[in-house]
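Quick notes on the structure that follows.
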Amino acid sequence: MIDSYELLLSDYISKEDFFSFGLEKSIYIPDAKVEAQWQSLKKDIANNKTVFMRGFKSSTSMHMSSDFYSKLFENKHVKKDPSNTQNPSKIIEKLTAYKKGKDLKNYQLSSIFGRSRNILAFCAPWNIVYIPSILDPLLSVDANTDLANEFKRRFMQHSYEKFKPYIDEFNQTLSNHQFQKSMDEYFQKLFDDGHFDKDEMIVFENTMREDFTPIKI
């Protein structure tokens, strides 16, 4: 298989320089603004204010997610992001003062650690970044080459070190014994009640459990 990235790196630029370019030219929300935005997000969740998540295609799954957040977070105002990027885009535009198409060209919005169905992560300021478009294919969930996997690892390690206090707090919340117990009980009751199609419940549970796993690098 011919990989154009491998050709680029073998003939024109070193891998280290290419990776350094990706890390150094990515645009993160400034550290000073991450703390305030993170506290604001947590406060909105706790106070039953409107917060957002990446939507499911299935209306049944969206109904289940609303019930999930109502029970586990006591928040009844979790909404589907209209475009699956609208609200993260608003946050990074406001806090960096850069807007794609106006101030930036050939940059892409990216979710660093994914977990887009988790309201603690989807709009978390430590999970949103602009990356040079040339590197976006290497971060795709479908990219599985050695080159892509190495860059993903370095990119996430770099981001984790940059935002470690916030990510550690996120991890502690998800690892909390009582939270884990509540989630187990919720899914057990979901299946016991049998109000939804079993296959859809299985997909929903798997998705939510994956997005509610701690971030490990």
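FYI, it's all coordinate maths here, none of it is from the lab. As the structure is a computational prediction, the values presented were derived from the model and not from experiment. Neighbour counts run over all protein chains shown; Cβ positions are idealised from the backbone, glycine included.
Take the Cα atoms of segment 158-217, build their convex hull, and give its volume per residue in Å³. Please report the intermediate quantities before stating the final value.
Numbers: hull volume 4.7 nm³, N = 60.
Normalising the Cα hull of segment 158-217 by residue number yields 78 Å³.
Place a +1 charge on the Cβ of each Lys and Arg in the chain and a -1 charge on the Cβ of each Asp and Glu, then give the dipole magnitude about the Cα centre in debye, rounded to the nearest 20. It would help to have the intermediate numbers written out before the result.
Values: 30 positive and 31 negative charges, 190 e Å.
Dipole of the chain, to the nearest 20 debye: 920 debye.
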Review point. Where a ≥ b ≥ c are the square roots of the eigenvalues of the C-alpha gyration tensor, would you call segment 1-105 rounded, which needs a/c under 1.5, or, failing that, prolate if a/b is larger than b/c, or oblate?
Key: prolate
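Hey, what D do you get for segment 127-182 in µm²/s if you plug the Kirkwood alpha-carbon radius into Stokes-Einstein at 10 °C and 1.306 mPa s? Mind dumping the intermediate values first?
Working: Rh = 13.2 Å.
Rounded to a whole number, D works out at 120 µm²/s.
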Exercise for review: Along Cα→Cβ, 7 Å out, is where each label goes; now give me the distance between the ones at Gln172 and Glu210 in nm to one decimal.
Suggested key: 2.9 nm
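Contact order normalised by length for the chain, with contacts defined as Cα pairs under 8 Å and 6 or more residues apart; what percent is it? Mind dumping the intermediate values first?
On the way: 223 pairs, mean separation 48.8, N = 217.
So the answer I get is 22 percent.
Sorted by average packing, counted as other Cβ atoms within 10 angstrom per residue and highest first, what order do 47-54, 118-125, 96-103 take?
On the way: 47-54: 17.2, 118-125: 23.6, 96-103: 12.4.
Put in order of decreasing packing, that is 118-125, 47-54, 96-103.
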Check your understanding: What do you get when you divide the Cα radius of gyration of the chain by 2.2 N^0.38 Å, with N the number of residues?
Key -> 1.10
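Quote to one decimal, in nm, the extra length available between Ser182 and Asn84 on full extension: 0.36 nm per residue of separation minus the C-alpha distance between them. Walk me through the intermediate numbers first.
Details: separation 98, 0.36 × 98 = 35.28 nm, distance 2.74 nm.
Length gained between Ser182 and Asn84: 32.5 nm.
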